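Worksheet for the structure shown next.
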Amino acid sequence: MALHHISKPLVLMAFLVLCRPPAAAQTCESSAELDEGTRSALERTARQFFDYASKGDVFDLKQSTIASLSSNFANIEAVVVDQRSTYAGAQATVRASYLMEASGAEPIAHAEFLCGVWGTPSWAIFGINNLPPGRYGLVIQDVSTPKVKYVLTTVLKQEGGVWKLAGYYSKPEEIGGHDGEWFLNKAREYKAKGANHNAWFYYLTAWDLIAPVDFVSTPRLDKLSEEMQSVRPSDLPTSDHPVALAASGGRTFQLIQMSALPVDNNLDLLVKYRAPDVSDTKKTFDDNIAVIRALVARHPEFREAFAGVAARATEPSGRDYSTLLAMEDVK
């Protein structure tokens with residue numbers, strides 16, 4: 001695989017962040033509980049936003065957003081344009097819709113919405129930080145494209161009797177033709193073999209593919225989260241707790257992140273490490289290759305689970321330089 005920069009996040013929420021605090025002054029109704037007029041209005045608006053996205057119509061989509069999102073629309077615009085060819089000619093079906101109401105005069109530091117009836121498919125908890133009071137809708141749509149299934153979640157806010165876009169989250173439900181259930185089964189296979197690093201990353205991938213958004217909790221997702229804790233590796237690096245990796249030539253690198261990375265139809269492994277300077281691209285390329293080879297040598301199990309490894313040298317400023325190497329080329 002060629003050398004290139006590979007990061008493009010798909011999560012595009014204006015103000016939604018996962019949290020699990022106690023609820024206060026928040027109510028929620030699922031589609032089965034909503035009156036027909038409210039449900040139809042929410043779903044009709046969500047379908048209209050999907051129609052804009054499928055045509056790459058970022059102008060009308062932006063015109064339909066709340067002010068705080070409209071002023072920070074660049075990320076959503078980039079994703080809509082990037083996915084235009086994927087969404088063109090696609091069909092969307094509403095999976096679920098919710099009406100959420102947050103009362104009060106000030107933004108809610110930790111809003112939590114308990115939606116639906118416990119034990120039914122509609123049951124979900126949505127956690128939101130710093131949420132302004134108001135009436136919100138959330139509509140999840142399954143999008144069938146010629147190649148890959150996607151899920152599109154739109155968050156709406158009612159302003160002046162009109163539903164406007166307040167959040168946009170579009171992501172694939174498959175990687176290489178495999179859905180969340182496939183990755184979950186593979187995670188359990190790796191767990192049974194004692195390949196806990198592979199199992200951990202496959203559990204995380206399964207969770208991400210099954211969950212429509214990352215600020216939702218359901219009984220199924222909670223059970224999956226509990227199951228995966230038994231294989232959580234103790235040597236996962238973070239920026240606060242880097243892990244040293246010895247490589248060829250007496251070099252030692254400080255790893256600060258490892259994660260699964262979908263690239264096209266493959267699942268690769270991303271490893272980030274600290275670098276004082278990435279301006280010398282030849283040296284940084286050589287360091288990236290050294291990191292990839294040393295990491296696979298330390299964890300041979302990665303050869304079975306990932307199509308390639310991406311090493312990303314990262315300066316203190318945040319500037320980085322990435323190299324993606326196919327696993328078959330890791331010698």
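Since every read-out is calculated from the coordinates, none of them should be taken as a lab result. Owing to the predicted nature of the structure, the values given are computational and were not obtained by experimental measurement. Methodologically, a virtual Cβ is constructed for each residue, glycine included, from the backbone with ideal geometry; neighbour enumeration extends over all protein chains shown.
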Return the single residue from 221, 245, 69 with maximal mean-square fluctuation; model: Gaussian network over the chain, springs between Cα atoms under 10 Å. 245
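Restricting to Cα pairs below 8 Å that are 6+ residues apart, what does the relative contact order work out to for the chain? Please round to a whole percent.
16
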The helix 281-298 Cα axis meets the longest alpha-carbon principal axis of the chain at an angle in degrees, between 0 and 90 and rounded to 10, of 90
Can you tell which of 241, 178, 197 shows the greatest fluctuation in a Gaussian network model of the chain with Cα springs below 10 Å? 241
Cut-off of 10 Å, at most 16 other beta carbons, DSSP loop: longest stretch of the chain lacking such chymotrypsin sites (Phe, Trp or Tyr not before Pro): 124-331
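At 222 nm, what helix-only mean residue ellipticity would the chain give, in deg cm²/dmol to the nearest 500, using -39500 (n - 2.57) for each DSSP H run of four or more?
On the way: 10 runs with 103 residues, N = 331.
Value at 222 nm, helices only, nearest 500: -9000 deg cm²/dmol.
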Report the gain in length on full extension from residue 185 to residue 40: 0.36 nm times residue separation, minus Cα-Cα distance, nm rounded to one decimal. 48.5 nm
Full-extension gain between residue 328 and residue 106, please, as 0.36 nm times their residue separation minus the C-alpha to C-alpha distance. 74.4 nm
Mind listing the phi-derived Karplus ³J(HN,Hα) values for the range 45-54, rounded to whole Hz, using 6.51, -1.76 and 1.60 with θ = phi - 60°, and x for any glycine or proline? 5, 4, 5, 5, 5, 5, 4, 4, 5, 5
Would you calculate the separation in nanometres between label points at residue 263 and residue 230, each defined as 7 Å from the Cα along the Cα-to-beta-carbon direction? 3.3
Quick check: pseudo-label points 7 Å beyond the Cα along Cα→Cβ at residue 142 and residue 220, how many nm apart are they? 1.0
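If you stretched the chain out fully between residue 178 and residue 192, how much longer would it get, using 0.36 nm times the residue separation minus the C-alpha to C-alpha distance?
Numbers: separation 14, 0.36 × 14 = 5.04 nm, distance 2.04 nm.
The span from residue 178 to residue 192 would gain 3.0 nm if fully extended.
Just list whichever of 62/282; 171/191; 164/272 have alpha carbons separated by over 30 Å in the model shown. Could you put the intermediate results ahead of the total?
Numbers: 62/282 42 Å; 171/191 27 Å; 164/272 38 Å.
Too far apart for the 30 Å limit: 62/282; 164/272.
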For a quick check: with amide H placed at 1.01 Å from N, whose amide H comes under 5 Å from residue 257's, ignoring anything fewer than 5 positions away on the same chain? 272
